[in-house]
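The values are calculated or read from the model by the stated rules, or taken from the named source; none is laboratory data. Just so it is clear, the structure is predicted and the values come from calculations on it, not from any experiment. When we count neighbours, we look across all protein chains shown, and the Cβ atoms used for this are built from the backbone with ideal geometry, even at glycine. Side chains included, ligands, DNA and RNA excluded: accessible areas come from the protein's heavy atoms. Shrake-Rupley method; radii C 1.70, N 1.55, O 1.52, S 1.80 Å.
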Amino acid sequence: MLVKGVPRDKPIRSGWRCDSCGEPVPDLQAGWVEWLAAEDTKGKPKGSRLRLVHHRNTSPRWREPYGCQYNPQDEFRKNRGIVEGLGLDRFSGPDGLMLLLSMIAEHELPARELIELAKRVQIPGYEGDSAFYLLRLFLAMRDLGCIPVISSFEFRDSIDSATNSRSVHQTFVNDCLPSVRRRWNMKAIVVHKYGGPEVLKFEDYPDPVPGPGEVLVRVAASSVNPIDYMRRAGLTKDFYPIQFPGLIGVDIAGTVVKLGPGVEGFSVGDQVFAMADNTYAELCVVKAAALAKIPKGLDLIQAAALPLVTTTGSQLLSATGIKAGQTVLVVGAAGNVGRSAVFTAKQRGATVVAGVLKRQIDEAKTVGANQVIATDDDTAIVNLLPLDAVADTVGGRTAEKLIARVKPGGVFATVLAAPQNAAKFPSVKVVAVFSKFDRKTLEFMAEAVRDGKLVIPISQKLPLREAAEAQAAAEKGGIGKILLVA
């Protein structure tokens, strides 16, 4: 027995390579997982590493590997920047383990440093000797081009079941190996044709590769937005089509795992969020210019609910040009875009009227507006005092009624189509708002959520594979966001 738990009569699988030179092990009976000591010039132990090596013969005694050179100090220096930049103190449990795995998959870190990283993420059940078994398995997966595809939902059970170092390795193997696949195929929600929620399929899909100015993000969560199910149904195919088979999704929160050429300002291990494309997946490529770091203290999963709705709400209100002391009506104020618009208006010192349905009156009283009215009550609309501006998230007949309440020279800003009767009110400026990424706005709104100044309700958190159920629920309406956890 060369290493505790690794029997001598169990050969290495075909395809494993020497950790030192990368050459295939020529004799399967001669290649083993071994603990080799690195000695200094005086023959004293200077460090050690868990290694897979090939030998001049099949003797189990210590031998120098042939055909390759290895200097642990040089290798450590080469990877020190990566190791120190990970910031693994911020991660624990399943999230920390999956981040560690992504590091192994993307970087040639020595096992010695990986073991230290494993200790820092404090994975229950994987301390001491069991860390060696776990990391050896991970390194083997890296060498074979494989990584486990296990969501935090599935992975939590296997970690919680690992209670001692004697059983932990077998537990991990039993639970995880059935989910191992080739690295270049991630899991994603794939759309093959337009239709209802049933066209959303949880399938293998090629891993995205970051190009110049792009960042590869391991997705922690995405969220369901109306634009997602509108694209799925083909309602946007004339201006925002899906190239079949294709992916959908806009919101993303996750961890940086790889940087494309020329990217500055981000590091591997950063927690980030953004408005992007193809976010219903385990991995997503995002332009660095459209990426923001998640404020400290804000939950990574919760952050996935924020990019599109908070940015849109802020930009919608800004489009009204409202100033301190003026009055603005936010239509659909109980929704997440509306809530964000109300918050932005209050930050500007405006008087805010929240327009909602009668059944949403009580909920709307919590959004921070000065007044709440029912937009499905014609009497309430008629009794409205003239408005300096309207920020609309509803459209339709409601918008047609409310544009009449705007003062001459006022603004009617909307994220939907202009009211059909807009021509009857030429003195009212109608502004169409199309959300676009703004790092400062997103960070400001996220800090407000973290500090409790703005509340974006979350109604459900579902595994990514249940995207069809999530969209079906979202289409029925409701206030809270639905998150898809990858």
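Are any of the residues in the stretch 463-471 under 21 Å from G195 (Cα atoms) and polar (S, T, N, Q)? So far as the stretch 463-471 goes, yes, one or more of its residues are under 21 Å from G195 (Cα atoms) and polar (S, T, N, Q).
When the stretch 251-269 is limited to residues that are in contact (Cβ under 8 Å) with a residue 60 or more places away in the chain and open to solvent by less than 20 Å² (accessible area, probe 1.4 Å), the one that is nearest to F434 (Cα to Cα) turns out to be G254.
Please work out if K193 is over 25 Å from S435 (Cα atoms), of a type in the set (K, R), without any contact (Cβ under 8 Å) to a residue 60 or more places away in the chain and not in a loop (DSSP other than H, G, I, E, B). No, not satisfied.
With respect to the conditions (1) more than 23 Å from G325 (Cβ to Cβ); (2) in contact with a Phe, Trp or Tyr (Cβ under 7 Å, 6 or more places away or on another chain), F425 lacks only one, and its number is (2). The residue that is nearest to the chain's Cα centre (by Cα), among those in the stretch 388-410 that are farther than 13 Å from V328 by Cα and aliphatic (A, V, I, L, M), is V394. Before we move on, is T327 crowded, with 23+ Cβ neighbours inside 10 Å, β-branched (V, I, T) and at pLDDT 95 or above? Criteria not met by T327. Among the conditions (1) modelled with pLDDT of 95 or more; (2) under 36 Å from the mean Cα position of the chain (by Cα); (3) in a loop (DSSP other than H, G, I, E, B), the only one that S427 does not satisfy is (2). Over 13 Å from V286 (Cβ atoms) and modelled with pLDDT under 95, is that true of D207? Yes, satisfied.
Applying the set (1) in contact with a strand residue (DSSP E or B) (Cβ under 7 Å, 6 or more places away or on another chain); (2) modelled with pLDDT under 90; (3) part of a loop (DSSP other than H, G, I, E, B) to T163 leaves exactly one unmet item: (1). Quick one: is I456 crowded, with 17+ Cβ neighbours inside 10 Å, touching a residue at least 60 places away in the same chain (Cβ under 8 Å) and either among the acidic types (D, E) or not in a loop (DSSP other than H, G, I, E, B) (or both)? In short, no.
In this structure, K440 does satisfy being under 22 Å from F273 (Cα atoms), open to solvent by 50 Å² or more (accessible area, probe 1.4 Å) and assigned to a helix (DSSP H, G or I).
Within this structure, G409 passes the test of being of a type outside the set (V, I, T) and surrounded by fewer than 17 Cβ atoms within 10 Å (Cβ to Cβ). Considering the stretch 368-399, and only residues there that are assigned to a loop (DSSP other than H, G, I, E, B) and farther than 18 Å from A413 by Cβ, the residue that is most open to solvent (accessible area, probe 1.4 Å) turns out to be L385.
One residue alone among D376, D388 is in contact with a strand residue (DSSP E or B) (Cβ under 7 Å, 6 or more places away or on another chain) and either more than 24 Å from M445 (Cα to Cα) or acidic (D, E) (or both), and that residue is D388. Could you check the stretch 273-305 and list, in sequence order, the residues that are out of contact with any strand residue (DSSP E or B) (no Cβ under 7 Å at 6 or more places or on another chain) and either open to solvent by less than 20 Å² (accessible area, probe 1.4 Å) or under 21 Å from D207 (Cβ atoms) (or both)? Of everything in the stretch 273-305, those that are out of contact with any strand residue (DSSP E or B) (no Cβ under 7 Å at 6 or more places or on another chain) and either open to solvent by less than 20 Å² (accessible area, probe 1.4 Å) or under 21 Å from D207 (Cβ atoms) (or both) turn out to be D277, P295, L298.
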